[in-house]
Amino acid sequence: DASAAVNNGPLPLQTVILHRGYRTSAGAETVALDPHYVISATALTGQNGGRVLIEAVDGWGLLGLWRPEEPLSWQNRAIRWVIAALCARVGLRYADDASAALGEAVNLFTLLPTQSAAEGVRALLDLAGAAARFDQEGTLVAFAWEDYAPAQALAIGANGEIRQGRYEARLPLATGWRAAGHGVAASGDDCAASMALGLRLMGSAEDYRAVNALMAERLRAWRLARALMAARRDQATIPLRPDAELWDLAALTDPALGDGPHPRVVVALRERYDPAAGRYETVVGMGEG
């Protein structure tokens, strides 16, 4: 019964791996999500019971649970080294694309008891101008945005598979950005974005762990790239695409948008499986590419 499944089944922080896909002429073809970690398991009994509801978080959620008992500091360590150390605190592995940006040394990095490991990792990724996602093995894989050039973009809508589209153009958060560090600063604009908008919008960030001009420039460029991504908030509901990943470059095609494909970046993914309602679909959130 359901209660026995809870008592003898998933326990807090046990790993759950969900395989999704289709049954084809070749058999069951599935792709695994990155591992998730159980937060709660609830038994439903009685009317409409006999079920177990499992709530789980991904690697980011696991990093978000951990905070140091006292301030932790690292001196003159590479960004990748500190990220790997924070991941290890919750039993996660780390890998990257071997870019020079992630090998930059930070003079001093401190994580306070009020900050989670997730906050620390995101701050370090910002310094390197890098993004990251968890792979199917549960490893946090980071890559420098300046070097990110996948061979193929995720095609969405090319076969008329979009069940529902929601396309929103927004004022970008900024068309230029300034970043200040310890005795260093960087500033720059996307002139094409400013001219298209007819207005120059400047954003700014301060991070005094940036100790050289190159680190400040990477911070500036990455913050500006994300600000420009926000100029589009597009969403396409399509049949399940288990191959889609965060930060994929996408080619979006929909007659409602005119001639395409249009370059996009995948910034959100949501999957729905509801046999009774006939739903087995992916909702892809996209920003400006």
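Surrounded by fewer than 16 Cβ atoms within 10 Å (Cβ to Cβ), small (Gly, Ala, Ser) and over 20 Å from His36 (Cα atoms) - does that describe any residue in region 79-101?
yes
Considering only region 199-215, state which residues are under 25 Å from the mean Cα position of the chain (by Cα) and either part of a helix (DSSP H, G or I) or not small (Gly, Ala, Ser) (or both).
Met202, Glu206, Asp207, Tyr208, Arg209, Leu214, Met215
All but one of (1) among the charged types (D, E, K, R); (2) closer than 30 Å to Pro275 by Cβ; (3) modelled with pLDDT of 95 or more; (4) part of a strand (DSSP E or B) hold for Arg23; which doesn't?
For Arg23, the failing item is (3).
So Leu65 ticks every box in (1) modelled with pLDDT under 95; (2) within 25 Å of Glu245 (Cβ to Cβ) but one. Which box is left unticked?
Here Leu65 clears every test but (1).
Do the conditions hold for Glu146, that is, is it more than 30 Å from Arg241 (Cα to Cα) and modelled with pLDDT under 95?
No: the conditions fail for Glu146.
Only one residue in Ala130, Ala88, Ala117 is within 19 Å of Arg220 (Cβ to Cβ) and either in contact with a Lys or Arg (Cβ under 8 Å, 6 or more places away or on another chain) or at pLDDT 95 or above (or both), so which one is that?
The conditions single out Ala130.
So, in region 158-195, of the ones that are touching a residue at least 60 places away in the same chain (Cβ under 8 Å) and assigned to a strand (DSSP E or B), which residue ends up farthest from Val211 (Cα to Cα)?
So the residue we want is Gln164.
I'm told Trp222 meets every condition in (1) within 25 Å of Leu86 (Cα to Cα); (2) open to solvent by less than 20 Å² (accessible area, probe 1.4 Å); (3) more than 22 Å from the chain's Cα centre (by Cα) except one. Can you identify the failing condition by its number?
All conditions pass for Trp222, except number (3).
Out of region 42-62, which residues are under 28 Å from Asp243 (Cα atoms) and not in a loop (DSSP other than H, G, I, E, B)?
If the condition is that a residue be under 28 Å from Asp243 (Cα atoms) and not in a loop (DSSP other than H, G, I, E, B), then Val52, Leu53, Ile54, Glu55, Ala56, Val57, Gly59, Trp60, Gly61, Leu62 are the ones that fit.
Filter region 110-148 for residues that are assigned to a loop (DSSP other than H, G, I, E, B) and of a type in the set (Ser, Thr, Tyr); which is surrounded by the most Cβ atoms within 10 Å (Cβ to Cβ)?
Step by step, filter region 110-148, then rank; the result is Ser116.
Can you run down the residue pairs with Cβ atoms below 6 Å, 6 or more apart or on separate chains, where the first is in region 36-60 and closer than 23 Å to Tyr94 by Cβ and the partner is in a helix (DSSP H, G or I)?
Tyr37/Leu62; Trp60/Ala118
Does Leu252 meet the test of being among the hydrophobic types (A, V, I, L, M, F, W, C) and either under 17 Å from the mean Cα position of the chain (by Cα) or more than 16 Å from Glu168 (Cβ to Cβ) (or both)?
no
Looking at this structure, is Leu228 touching a helix residue (DSSP H, G or I) at 6+ places or on another chain (Cβ under 7 Å), within 26 Å of Ala130 (Cβ to Cβ), touching a residue at least 12 places away in the same chain (Cβ under 8 Å) and not in a strand (DSSP E or B)?
Details: touching a helix residue (DSSP H, G or I) at 6+ places or on another chain (Cβ under 7 Å): yes; within 26 Å of Ala130 (Cβ to Cβ): yes; touching a residue at least 12 places away in the same chain (Cβ under 8 Å): yes; not in a strand (DSSP E or B): yes.
Answer is yes for this residue.
The values are calculated or read from the model by the stated rules, or taken from the named source; none is laboratory data. In this text the structure is predicted, and so the values were computed from the model without any measurement. Glycine gets a Cβ as well: all are built from the backbone with ideal geometry, and neighbour counts include every protein chain shown. Surface accessibility is based on the protein's heavy atoms, side chains included, excluding ligands, DNA and RNA. Shrake-Rupley method; radii C 1.70, N 1.55, O 1.52, S 1.80 Å.
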